[in-house]
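A.B. asks: Sending over a structure as structure tokens; questions will come in a sec.
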Amino acid sequence: YEIPLRLVGSEMCIRDRLSEYPDFERYQKDNERIIQNKTYPKVIFIGNSITDGWASKRPVFFTGHQFLGRGISGQTSPQLLLRFQKDVIDLKPKAVVINIGTNDIAENTGKYSIEYTVSNIKSMVELAKSHKIKVYLSSVLPVDVYPWRKDITDAVKQIYELNVRIRQLAKAKHVHYIDYFSEMSKENGGMIDEYTYDGVHPTDKGYEVMEKIVLSAIK
């Protein structure tokens, strides 16, 4: 009986990890409050640490425009897709800004495949459109070196190619494309120094640039 018991314990452990994979609990209570009070946002920004830091560092930008941040640091496109229903669809926004892909390239949750990443983004677009939510797909921000994955030496090339595919997807699905990359990159493909503190995440100055771009697009 020892082997079956160990197997059961192992399966339970795997199920627990899988349920935590998208981090549903991060915004659960706040989502429930919004739904109960029917205080639905105009626009939801969903993504990884770029979005997470944006909402926490510059809250006035979000509250002042009835925007809502739903970023979770470290996440990749499959994690975003899994929580898209709870963190976007259920909150009935008029629009959603999707920024994802850099952690896919950094292989945070496994080997990178551009087809897999684009497929996940495409699924989010189709989910939003089926609920009459306007979609804004944004470019991945420039990065030349990931501090936690210095062994990935072709980040500039991978980001460029992913941004091309995201732009193509936006055109094919008749949704808006927001180009942060062009205004935030330097000649070597990395982010302009004053816009980032570690080569990946924006400073306040970087977020100011992003705010100007996104507000122009949303108008």
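A.B. asks: Can you tell me which of (1) open to solvent by 40 Å² or more (accessible area, probe 1.4 Å); (2) closer than 17 Å to ILE50 by Cβ; (3) among the aromatic types (Phe, Trp, Tyr) is the one TYR146 doesn't meet?
C.D. replies: Of (1) open to solvent by 40 Å² or more (accessible area, probe 1.4 Å); (2) closer than 17 Å to ILE50 by Cβ; (3) among the aromatic types (Phe, Trp, Tyr), only one is false for TYR146: (1).
A.B. asks: Sticking with this one: Looking at the stretch 162-177, which of the residues that are under 17 Å from VAL143 (Cβ atoms) and not charged (D, E, K, R) is most open to solvent (accessible area, probe 1.4 Å)? Give the derivation first.
C.D. replies: In the first step, residues of the stretch 162-177 are kept if they are under 17 Å from VAL143 (Cβ atoms); the result is 162-166.
Pick out the ones that are also not charged (D, E, K, R) and you get 162-164, 166.
Details: LEU162: 0, ASN163: 12, VAL164: 54, ILE166: 4 Å².
Top of the filtered list is VAL164.
A.B. asks: Quick check: is even one residue across the stretch 186-193 within 20 Å of GLY101 (Cβ to Cβ) and among the polar types (S, T, N, Q)?
C.D. replies: Checked against the condition, which is being within 20 Å of GLY101 (Cβ to Cβ) and among the polar types (S, T, N, Q), the stretch 186-193 yields at least one hit.
A.B. asks: A further question follows. Counting just the residues of the stretch 80-117 that are assigned to a loop (DSSP other than H, G, I, E, B) and among the polar types (S, T, N, Q), which one comes out surrounded by the fewest Cβ atoms within 10 Å (Cβ to Cβ)? Talk me through it step by step, then tell me what you get.
C.D. replies: Initial filter on the stretch 80-117 (assigned to a loop (DSSP other than H, G, I, E, B)): 88, 92-94, 100-101, 106-113.
So of that shortlist, the ones also among the polar types (S, T, N, Q) come out as 108-109, 113.
Values: ASN108: 18, THR109: 15, SER113: 10.
Selected residue: SER113.
A.B. asks: Could you run through the stretch 141-170 and say how many residues are over 19 Å from the mean Cα position of the chain (by Cα) and either among the small types (Gly, Ala, Ser) or part of a helix (DSSP H, G or I) (or both)?
C.D. replies: Number of matching residues: 1.
A.B. asks: Collect the residues in the stretch 178-203 that are acidic (Asp, Glu) and either farther than 16 Å from GLY53 by Cα or assigned to a helix (DSSP H, G or I) (or both), keeping them in residue-number order. Break it down into steps so the answer makes sense when it comes.
C.D. replies: Narrowing the stretch 178-203 to residues acidic (Asp, Glu): 179, 183, 187, 193-194, 198.
Selection gives ASP179, GLU183, GLU187, ASP193, GLU194.
A.B. asks: Continuing with this model, one more query. What are the pairs, 6+ residues apart or on separate chains, where a residue within the stretch 186-213 that is touching a residue at least 12 places away in the same chain (Cβ under 8 Å) and surrounded by fewer than 18 Cβ atoms within 10 Å (Cβ to Cβ) has its Cβ under 9 Å from a residue that is part of a loop (DSSP other than H, G, I, E, B) and among the small types (Gly, Ala, Ser)?
C.D. replies: Close Cβ pairs satisfying both conditions: GLY199/GLY190.
The values are calculated or read from the model by the stated rules, or taken from the named source; none is laboratory data. Small disclaimer: the values here were computed from a predicted structure and weren't measured. Cβ: placed from backbone, ideal geometry, glycine included. Neighbour counts: every protein chain shown. Side chains are part of the model used for accessible areas, which takes the heavy atoms of the whole protein and leaves out ligands, DNA and RNA. Shrake-Rupley method; radii C 1.70, N 1.55, O 1.52, S 1.80 Å.
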